[in-house]
1. Rounded to the nearest 0.05, what FRET efficiency is calculated for Glu366 and Ser332 with R0 set to 30 Å and r the Cβ-Cβ distance?
2. Below 13 Å, Cα to Cα, which aspartates and glutamates can Lys414 reach? Residues fewer than 8 away in the same chain don't count.
3. Please list, by residue number, every one of the chymotrypsin sites (Phe, Trp or Tyr not before Pro) in the stretch 94-189 that is coil in DSSP and has at most 15 other beta-carbon atoms within 10 Å.
4. Return the FRET efficiency for the residue pair Asp221, Leu289: r is the Cβ-Cβ distance, R0 is 30 Å, and the value is rounded to the nearest 0.05.
5. Provide the gained length on full extension for the span Ala214 to Ser150, in nm with one decimal, where the gain is 0.36 nm per separating residue minus the Cα-Cα distance.
6. Find how much the distance from Glu40 to Glu410 grows on full extension, using 0.36 nm per residue of separation minus their present alpha carbon separation; answer in nm with one decimal.
7. To the nearest 20 debye, what charge dipole does the stretch 227-324 have about its Cα centre, counting +1 at the Cβ of each Lys and Arg and -1 at the Cβ of each Asp and Glu?
8. Obtain the nm distance between the two label points defined at Thr172 and Ala83 by a simple spin-label model: each point lies 7 Å from its Cα along the Cα-to-C-beta direction.
Amino acid sequence: MALHESSSSFFSPWPDRLRHSAIVLLAAALALSVLVALDELSLIRASAVFLCIAAAALVPWRLHDVAASREDTRSVNPVETGAVAAVVAGMPDPAVLLDRAGRVIHLNAAAAQLAPALRKNELAQFALRSPEIITALREAIATTEPRRASYLDHVPVDRWMELVITPVPVPTLFGGTDKCMLMTFHDLTPLRRVEEMRADFVANASHELRTPLAALSGFIDTLQGPARDDPRARERFLGIMHTQATRMARLIDDLLSLSRVELSAHVRPDTCVDLIPIIRQVADGLEPLARERQVVIEIQLPEMPVMIAGDREELLRLFENLIENALKYGASGGRVVVSLKEAASGEGAPEIRVMVRDFGPGIAPEHLPRLTERFYRVDVGDSRAQGGTGLGLSLVKHILNRHRGRLLIESVPKNGATFTACFPQMKTAAAA
């Protein structure tokens, strides 16, 4: 088998060799023919000379190719080989390999996503504008020593990053060694979010739980003391205690949900979901509350699927808060309209808008800018009477931020309010 393959590879390029050597052979044959015609050379000698020339032209001499391949191999920088590129590409964190001048040799997909301006064979400091990065990079290049730097990236959302620059000794073309700079970026956002979540939870819980806990403690003391033998007072106080306990449970649930959303705010959802069944599921689930408040929920949604990149559970929570708020605070209008349409944002980008409108008393203009703040209430007494925690719209805002969307609030006193959740369209959907 090997002999057959060798012979086939030997004879297969003969037509190409004959074509490339045709001019040489034709000139040799013509010159030898003239010499034979002039009796300067015998036919036998002329044939022997022609055979020698043909052999020299047609036999596959490979010395030149081998030398050329060796020169090509020597001219390739060892750091620019595919093996090094594969190692950098396989690193889980964003990684960039630079030469001593700070030019990009290799970068992986995570680094390209983190800093889209990075380009191979271009200076990294022009693409990484953060002063902390530039300072650390210049110091590492000047001293060839490791450097670390922490910085805050504000685009598209706040992310805390740590940059580690490590000098890496590499071989040179002439057998020596040089040092390249390996830049790796580590995302510290989850750690920072956990710290903030812990601090916020303690602060918010201690503030908001103080009132229901004080009420529960007072009712317990009353039931253990003066109202111990009063069935009517006991029944009344137990009902109030149940309401306060339910409020505390909902408050803790909202705080935990808000903390979870904030923890992953920098990670955009990439799952493709259909908004239509999510909205219908929420509306069906709130139908008992609508009947209790004597409000009709009108659904005006298209029949075709409306796809976005999103987290289904978070979207359920978002629409539940918006529709539930409309049922509670706009019940006097008798109906709530949930609709969906496609529109363009202020920058001209296509987006999906889900509008929840009530026809209740509306909201005064001075309250609109602060509605999404934690624990902000237009009417504290009415909000607590409705079972609100003051965290619903804050949770809606954070969920929309994670989905790279936005919340629009429009209201005219005595003419209801409209809350619009805007989501960017998926690129495939927009193209279609």
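The values are calculated or read from the model by the stated rules, or taken from the named source; none is laboratory data. All values reported here derive from a predicted model rather than from experimental measurement. Ideal geometry is used to build each Cβ from the backbone, glycine not excepted, and the neighbour counts take in all protein chains shown. Keep in mind that these areas ignore ligands, DNA and RNA; they rest on the heavy atoms of the full protein, side chains included. Shrake-Rupley method; radii C 1.70, N 1.55, O 1.52, S 1.80 Å.
1. On the way: r = 21 Å, r/R0 = 0.70.
Given R0 = 30 Å and the Cβ-Cβ separation, E is 0.90.
2. Leaving aside aspartates and glutamates fewer than 8 places away in the same chain, those within reach of Lys414 are Asp358.
3. Values: sites: Phe126, Tyr151, Trp160, Phe174, Phe185; in loops: Phe174.
Of the chymotrypsin sites (Phe, Trp or Tyr not before Pro), the ones in loops of the stretch 94-189 whose Cβ has at most 15 other Cβ atoms within 10 Å are Phe174.
4. On the way: r = 34 Å, r/R0 = 1.13.
Taking R0 as 30 Å, the efficiency between Asp221 and Leu289 is 0.35.
5. Values: separation 64, 0.36 × 64 = 23.04 nm, distance 4.38 nm.
So the chain would gain 18.7 nm between Ala214 and Ser150.
6. On the way: separation 370, 0.36 × 370 = 133.20 nm, distance 10.87 nm.
Length gained, Glu40 through Glu410: 122.3 nm.
7. Working: 13 positive and 18 negative charges, 103 e Å.
Here the size comes out at about 500 debye.
8. Here the answer is 2.1 nm between the modelled labels.
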